[in-house]
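Student: Quick one: structure below, then a few questions.
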Amino acid sequence: MEISVCDTSTLIKLNKMNALDLLGKLFDKVYLPVGVQEECLDESLKQAIKASFFEVKKVKNILLLGMGKGEREVISLAIELKLQDVITDDIRAIKKADTLGLAPLNTVMLLLLAKENNLIGSVKLFLDKMRAAGEGIEDDIYFETLRLANEI
C-alpha cells in the first residue's frame, strides 16, 4: 500500500492542471496535515481535497525546521507515521526531507511517475498547463523532463 504526505505547493499546482486525481491513482492514501488543509484557500481546492484518497491528520509533534508551517507539518507527519514519500515543491522542504532520509517528490516527478504507470499519455501537456497557469518551470527543467519522459 503506497501512502504519502503532501504539501500545499504541489496540491495547488496539480489543481491548476486539473490533475489532483493523479495522486489518488499513484497512492492509496495521501495524508494532509491540518496546516496544509488550512493553507488550501481556493474553493475548488477545498472541494478537491475531500476526495476519498485524502485524509487530514493532526501532527502530534511539529519539528522546528526553519520553514513554513505546512512544510514543517508534512515532514513531521511523515516521520511520525514512518512514511517515506513526502510530496512538495518547496526547495527547502525537499532538501530537509532528503537529509532526514525521506523520499521527496515534486510535481514534475509525479508527472513522470504518472506517465511511467500509463496514467497520462504526455508529460508535455501537463508541463505546458503549468506554464500557462503561471507556475514557473525553467527551460532546463522543462526540456530535461521531456527528455526523461521520452517526449523529445
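The values are calculated or read from the model by the stated rules, or taken from the named source; none is laboratory data. Given the structure is predicted, the values throughout are model-derived calculations rather than measurements. Please note: Cβ atoms are built from the backbone with ideal geometry, for glycine as well, and neighbour counts cover all protein chains shown.
Student: Report yes if some residue within segment 128-137 is outside the structural domain of D21 (by TED's automatic domain parsing) and buried (at least 17 other Cβ atoms within 10 Å of the Cβ); otherwise report no.
Tutor: Yes, segment 128-137 contains at least one residue that is outside the structural domain of D21 (by TED's automatic domain parsing) and buried (at least 17 other Cβ atoms within 10 Å of the Cβ).
Student: Any idea which residue in segment 18-75 is farthest from D7 (Cα to Cα), counting only those that are small (G, A, S) and buried (at least 20 other Cβ atoms within 10 Å of the Cβ)?
Tutor: A19
Student: Hey, another quick one. For L81, only one of the following conditions fails: (1) surrounded by 16 or more Cβ atoms within 10 Å (Cβ to Cβ); (2) in contact (Cβ under 8 Å) with a residue 40 or more places away in the chain. What is its number?
Tutor: (1)
Student: All but one of (1) part of a helix (DSSP H, G or I); (2) closer than 20 Å to E144 by Cβ hold for D89, so report the exception by its number.
Tutor: (1)
Student: What number of residues within segment 117-152 are closer than 17 Å to K16 by Cα and in a loop (DSSP other than H, G, I, E, B)?
Tutor: Residues flagged as closer than 17 Å to K16 by Cα and in a loop (DSSP other than H, G, I, E, B) within segment 117-152 amount to 7.
Student: Which condition breaks for A114 when tested against (1) within 21 Å of I62 (Cβ to Cβ); (2) touching a residue at least 40 places away in the same chain (Cβ under 8 Å); (3) of a type in the set (G, A, S)?
Tutor: Tallying (1) within 21 Å of I62 (Cβ to Cβ); (2) touching a residue at least 40 places away in the same chain (Cβ under 8 Å); (3) of a type in the set (G, A, S), A114 fails exactly one: (1).
Student: Among the numbered conditions (1) surrounded by 15 or more Cβ atoms within 10 Å (Cβ to Cβ); (2) touching a strand residue (DSSP E or B) at 6+ places or on another chain (Cβ under 6 Å), tell me where L146 comes up short.
Tutor: Condition (2) is where L146 drops out.
Student: Say we look at segment 1-17 and pick out the residues that are of a type outside the set (D, E, K, R) and not in a helix (DSSP H, G or I); which of these is surrounded by the fewest Cβ atoms within 10 Å (Cβ to Cβ)?
Tutor: Per the stated criteria, the residue is M1.
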